[in-house]
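Worksheet for the structure shown next.
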Amino acid sequence: MCRASLRCKFDLRERLPVVLGAPARLLVTACTMTALREASRCTEDASVSGAPFVARRFELRRCRHDEPLPVQECIAALIGEDNPHHYGVVTDAEELKNTARRIAGVPLVFLERTFPLLEAPRDYQTKVWRGSRAGSKI
Ligand SMILES: [Zn+2]
């Protein structure tokens, strides 16, 4: 999404709270920063080469992967099976979107043309959420 923010000229830090309807902290993992830097070295595309500079303004989340993992694997490991830290995913990469969709309770923000949008929960995510609420003691 860093590339999209440059290409479409929006500030993700300002736009994301509007899309979510709530304050949000933007985080980036070390593996993601590595991937952004590697992609920026071998391109003439200004949005790709500028993406690491956008991401540097986000809070760095140490993911503790000694060797950088592919971004979708790093993010999936960070979120875990039940997302106890209430992470959301902001991306325009199909692989990462699919990773986020497989984990119930993970909000997904993606780019629709030139504007970030919050994806509606899928049916199975709603069922998992309702099941967890039915079993909760609150
Ligand atoms: Zn990682």
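For the range 51-59, indicate whether the set of residues that are part of a strand (DSSP E or B) and either among the polar types (S, T, N, Q) or crowded, with 18+ Cβ neighbours inside 10 Å (or both) is non-empty. Walk me through it before giving the result.
Applying the first criterion (part of a strand (DSSP E or B)) to the range 51-59 yields 59.
Then keep just the ones that are either among the polar types (S, T, N, Q) or crowded, with 18+ Cβ neighbours inside 10 Å (or both); that gives none.
No, every residue in the range 51-59 fails to be part of a strand (DSSP E or B) and either among the polar types (S, T, N, Q) or crowded, with 18+ Cβ neighbours inside 10 Å (or both).
Which one of these does Glu44 not meet: (1) acidic (Asp, Glu); (2) more than 22 Å from Pro107 (Cα to Cα); (3) touching a strand residue (DSSP E or B) at 6+ places or on another chain (Cβ under 7 Å)?
(3)
Mind listing whichever residues of the range 61-101 are aliphatic (A, V, I, L, M), more than 13 Å from Ala35 (Cα to Cα) and within 11 Å of the ligand (Cβ to nearest atom)?
Once the filter is applied, which keeps residues that are aliphatic (A, V, I, L, M), more than 13 Å from Ala35 (Cα to Cα) and within 11 Å of the ligand (Cβ to nearest atom), the range 61-101 yields Ala76, Ala77, Leu78.
Of a type in the set (Val, Ile, Thr), without any contact (Cβ under 8 Å) to a residue 24 or more places away in the chain and in a helix (DSSP H, G or I) - does that describe any residue in the range 62-74?
So in the range 62-74, the residues of a type in the set (Val, Ile, Thr) come out as 71.
Next, only the ones that are without any contact (Cβ under 8 Å) to a residue 24 or more places away in the chain stay: none.
No; the residues of the range 62-74 include none that is of a type in the set (Val, Ile, Thr), without any contact (Cβ under 8 Å) to a residue 24 or more places away in the chain and in a helix (DSSP H, G or I).
Of everything in the range 6-50 that's crowded, with 16+ Cβ neighbours inside 10 Å, modelled with pLDDT under 85 and assigned to a helix (DSSP H, G or I), which residue is nearest to the chain's Cα centre (by Cα)?
Among them, the one singled out is Leu12.
Any residue in the range 16-38 that's charged (D, E, K, R): show its pairings with residues that are in a helix (DSSP H, G or I) and surrounded by 17 or more Cβ atoms within 10 Å (Cβ to Cβ) at Cβ separation under 9 Å, as long as the two are six or more apart or on different chains.
Arg37/Ala51; Arg37/Pro52
Okay, residues lined up against (1) on the phi > 0 side of the Ramachandran plot; (2) in contact with a Pro (Cβ under 7 Å, 6 or more places away or on another chain); (3) surrounded by fewer than 16 Cβ atoms within 10 Å (Cβ to Cβ); (4) of a type outside the set (Gly, Ala, Ser):
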{"site": "Asp66", "(1), (2), (3), (4)": "no, no, yes, yes"}
{"site": "Pro70", "(1), (2), (3), (4)": "no, no, yes, yes"}
{"site": "Gly80", "(1), (2), (3), (4)": "yes, no, yes, no"}
{"site": "His86", "(1), (2), (3), (4)": "yes, no, yes, yes"}
{"site": "Thr91", "(1), (2), (3), (4)": "no, no, no, yes"}
{"site": "Glu95", "(1), (2), (3), (4)": "no, no, yes, yes"}
{"site": "Ala100", "(1), (2), (3), (4)": "no, no, no, no"}
{"site": "Leu111", "(1), (2), (3), (4)": "no, no, no, yes"}
{"site": "Phe115", "(1), (2), (3), (4)": "no, no, yes, yes"}
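The values are calculated or read from the model by the stated rules, or taken from the named source; none is laboratory data. Quick caveat: nothing in here was measured; it's all calculated off a predicted structure. For neighbour counting, all protein chains shown are included, and Cβ atoms are generated from backbone atoms with ideal geometry for every residue, glycine included.
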